[in-house]
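The structure appears right after this line, and notes come after that.
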Amino acid sequence: MEKAEPELPQPMTPAGRLFLQNRMNQVINCAIIGEQPPSSLDVIKTNFKNSIIFKHPRFSSLLVHDSSGREHWKRTHIDIDRHVIHLTAPLSEDSFTSDEDAVNGYLADLASTPLPTDKPLWEFHVIQAHNAAVFRVHHALGDGVSLMSIFLSCCRNTEDPTQTPELPALSDGAFRKRWSLWQLVCLFWFSLVYVVELVMRLLWRRDQTTALSGGAGVEDWPRSLATARFRLHDMKTVKRAVPGATINDVLFGVISRGFSRYLDSRCTKALDDGVQLTGVAMVNLRRQPEFQDLCRMIENGEFGLEMGNKFGMILLPVYYRKCDLNPLGSVKKAKEMIDKKKLSLEAFFSYKLLHWITAFTGAKLASFLNYRVVCNTTFTISNIVGPKEKISLSGNPLKYIRVTSSSLPHAITMHMISYAGFADMQILVAKDLIPDPKSLAACLEDALLEMKEAADASVKI
């Protein structure tokens, strides 16, 4: 009988290598809070052993380097006792600290804590005293779409425990099947304009310094974390009040108006009206069938290349407005800006640029360029679509699903995920620069409520 040859290390994708560099080392921290105390540790470990995580090649591989220093994946045995970390004591000595604040404080500390590389790059922290858990996964294993699909494949629909949750359908976005001549002209022009803007950010152009600004080295500063909670019904009400608007248009309108409110409360020196605050956003570049099929593909054990990172970077500016009496005006301006972004190849250009640079010159140069863009802008924003219905993990119904990531040079990083009628935005800040993240979260929540009131009033008229 022939002896099977040992599996050779597999080369890492360029995007995965980018996320392993010192300046851009990114870990995704997904916090879940259950309605009941977590299951026993033995049950949790058994569920992991029976899940697709034990079958997935990336979740059962070590990070190794070849003789030239290039990163590879090498299959290994998973020691579940090293991946499931059990915390029994309360996270705060103050008995009046809520579960939400305690978990947010823990996540803020994790933002500057890398994953050990002597085991596969994931951990599951069970926080017994707060009915919570934190699933830590290195960004090199996949992007938000693929990692969300992996997480959901381990969950079940609360109403029907035999069914895995499903993600809502998304539009194909940039993947248009037909383009008019005018749209092609706009595509060429806007692509040129936004690519030039991106290159300028790489080289020298920088946002004006405000109370929200970070910069080089800020990724090493201590962090605080607060949550802004939005009702999806309110966001949809505002969306209907602006013809052709989307939830993302509403989100950026909320950010623009919320930032303006916060800066008014913080700045002793008046800012000029119209100051640009540039956000860095990641755009999903998966075609619609891939997105919807990921959960089924994972459940069937079909692990393909599509489980890696597949997104592009775009710059999304918002503007400080001191006396904007029209709450819906921010959404209209955001829609105009995002509509132009949709008619461009900025995301494809940034994805291919960093991919080629990493593949042909090394990940260090690509990481440096990415770092420059972050240093010259103001904030990071991501928006992940989660399940519409309530879901459970190991039989425990989940109250919240909240996502944040490792620290960046930005003083403010925002990650939003929708779940069961709400959208929770985790606002991670450098606390020496933004000492009151709860005030910032309140400004964003109040901005949406103002817009909803204006939307309701417009319907009555």
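Averaging Cα coordinates gives a centre for the stretch 365-389 and one for the stretch 234-254; these two points are 22 Å apart.
Rg and Dmax, both from the Cα atoms of the stretch 342-432 and both in Å, are 17.2, 48.
Taking other residues whose beta carbon is less than 9 angstrom from the beta carbon of Val242, and scoring Lys, Arg as +1 and Asp, Glu as -1, yields +3.
Write down the accessible area per residue of the stretch 172-268 in Å², having rolled a 1.4 Å probe over the full set of protein chains. I get 53 Å² per residue for the stretch 172-268. Solvent-accessible surface of the stretch 356-437, averaged per residue with a 1.4 angstrom probe and all protein chains in place: 30 square angstrom.
Nearest 10 degrees, 0 to 90: what angle lies between the long axis of helix 346-361 and the longest principal axis of the chain (Cα atoms)? Here the helix axis deviates by roughly 40 degrees. Across the stretch 139-276, Cα pairs under 8 Å and at least six residues apart give a relative contact order of 16 percent.
When the C-alpha to C-alpha distance is required to be over 31 Å, the pairs from Lys390/Lys431; Lys236/Lys342; Lys388/Lys452 that qualify are Lys390/Lys431.
Straight-distance candidates among the lysines for linking to Lys49, with alpha-carbon spacing under 22 Å and chain neighbours fewer than 8 residues away dropped: Lys74, Lys119. With all protein chains kept in place, the per residue accessible area of the stretch 21-68 amounts to 48 square angstrom at a probe of 1.4 angstrom.
Computed over all pairs of different Cα atoms, the Kirkwood value for the hydrodynamic radius of the chain is 23.1 Å. Using R₀ = 25 Å, calculate the FRET efficiency as 1/(1 + (r/R₀)^6) where r is the Cβ-Cβ separation of Glu35 and Lys438; round to 0.05. Calculated value: 0.55. Taking the C-alpha atoms only, the angle from helix 363-375 to the longest principal axis of the chain is near 30 degrees.
How large, in percent, is the carbon and sulfur part of the accessible surface of the chain at a probe radius of 1.4 Å? The nonpolar share, carbon plus sulfur, comes to 55 percent.
Angle of helix 437-460 to the longest C-alpha principal axis of the chain, folded into 0 to 90 degrees and rounded to 10: 60°. As a rough guide to protection, the peptides 88-97, 125-134, 204-213 ranked by mean Cβ packing within 10 Å, highest first, stand as 125-134, 204-213, 88-97.
Within the stretch 10-132, the proportion of C-alpha pairs whose separation exceeds 22 Å stands at 45%. Between the stretch 99-133 and the stretch 16-90, what's the alpha-carbon centroid distance in Å? What the calculation gives is 12 Å, centre to centre. I need the calculated FRET efficiency for the pair Lys269 and Cys323, taking r as the beta carbon distance and R₀ as 25 Å, to the nearest 0.05. After rounding, the FRET efficiency stands at 0.90.
The values are calculated or read from the model by the stated rules, or taken from the named source; none is laboratory data. Note that the structure is predicted; figures quoted are calculated from it, not measured. Note that we place each Cβ from the backbone using ideal geometry, even for glycine, and neighbour counts take in every protein chain shown. Accessible surface is based on the protein model in full, side chains and every heavy atom, while ligands, DNA and RNA are left aside. Shrake-Rupley method; radii C 1.70, N 1.55, O 1.52, S 1.80 Å.
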